[in-house]
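Encoded as structure tokens, the structure appears first; notes follow it.
The values are calculated or read from the model by the stated rules, or taken from the named source; none is laboratory data. Small disclaimer: the values here were computed from a predicted structure and weren't measured. Glycine also receives a Cβ, built like all others from the backbone with ideal geometry; neighbour counts cover every protein chain displayed.
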Amino acid sequence: MSAVETLSALVLGHTDYGDNDRIVQLITAEKGRISAIARGARSSKRRFKGCLELGSRIQATVRRGKGELWQFQAAELVHGHPHIRGFLESIALSAYCCEVVRETGRPEQPEPKLFGLLDVALLVLDACTEPPKAGFRIGFEAKALSFAGLTPVLTQCAGCGEAAQGPMVWSVRGGGMTHESCGAGPKLDPAWGQAVEAFRRTPLAELVDTEAPAGGNQWLLSELMIWHQGRPLRSRELLITLGTV
Ligand SMILES: [Zn+2]
């Protein structure tokens, strides 16, 4: 039988299984993205109290089961980020951050940077006295793309590699900003790319009061992610509806 391991983990989501169980998606530094079955999670409210909620930081004691599914032996709550629940925008944003990591995190490979990014993002959201401005979310997207090996091209042309000059376009196929003659997509100002590149290099805690940069659509990074994954980001729709983050 496989060894029991204790992993620091963040909960990325869950689905009910059978009458009593729950399959939980986790991101860990050591094992990347894994799924683990929590037996009895729905029949006993005490056994995993607070540990399986979206975004919870836990110590997960798990054992590898058959195939790719792990089995929970126990879980201990490290941080439940209770203040995020004070604002609908923050709840939606934390769900979005978890979904982005669920979509970009690789299974069964170390992901210390993505794990650290989401850990910090949730702690910053929990500490905010009001929902952060859009700069926080755009900075998170730029960092997540980079850590997933999909660093967006923001300060030059992704097609020909020359300097960004005049009106540019956002080419998801090209991996970022291109000259109009080198790619196709919505128009943007080179200054937008410069600003987002600065967000990519700025700690998230310093972006909470930063507005979206002018000169381009504020959802372009998420368009790149969606194109790469070939699936929509479901929690993005609520953020767009809320309009502020
Ligand atoms: Zn070009």
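Couple of notes before you dig in:
- Matching residues in the stretch 152-176 - criterion: being closer than 29 Å to F115 by Cβ and touching a helix residue (DSSP H, G or I) at 6+ places or on another chain (Cβ under 6 Å): P152, L154, T155, W170, V172
- Within the stretch 142-166, the residues that satisfy the criterion of being over 18 Å from W219 (Cα atoms) and within 16 Å of the ligand (Cβ to nearest atom) are Q156, C157, A158, G159, C160, G161, E162, A163, A164, Q165, G166.
- Taken over the stretch 218-238, the residue count meeting the criterion of being in a helix (DSSP H, G or I) and more than 13 Å from I138 (Cβ to Cβ) is 6.
- Given (1) under 14 Å from F140 (Cβ atoms); (2) not acidic (D, E); (3) not in a helix (DSSP H, G or I), index of the condition V78 fails: (1)
- Residue check, D119 among the acidic types (D, E), more than 18 Å from L221 (Cβ to Cβ) and modelled with pLDDT of 95 or more: yes
- The residues of the stretch 32-46 that are over 15 Å from the mean Cα position of the chain (by Cα) and either of a type in the set (G, A, S) or more than 14 Å from Q71 (Cα to Cα) (or both), listed by number, are S35, A36, A38, G40, A41, R42, S43, S44, K45, R46.
- A residue that is buried (at least 19 other Cβ atoms within 10 Å of the Cβ), in contact (Cβ under 8 Å) with a residue 40 or more places away in the chain and aliphatic (A, V, I, L, M) can be found somewhere in the stretch 180-197.
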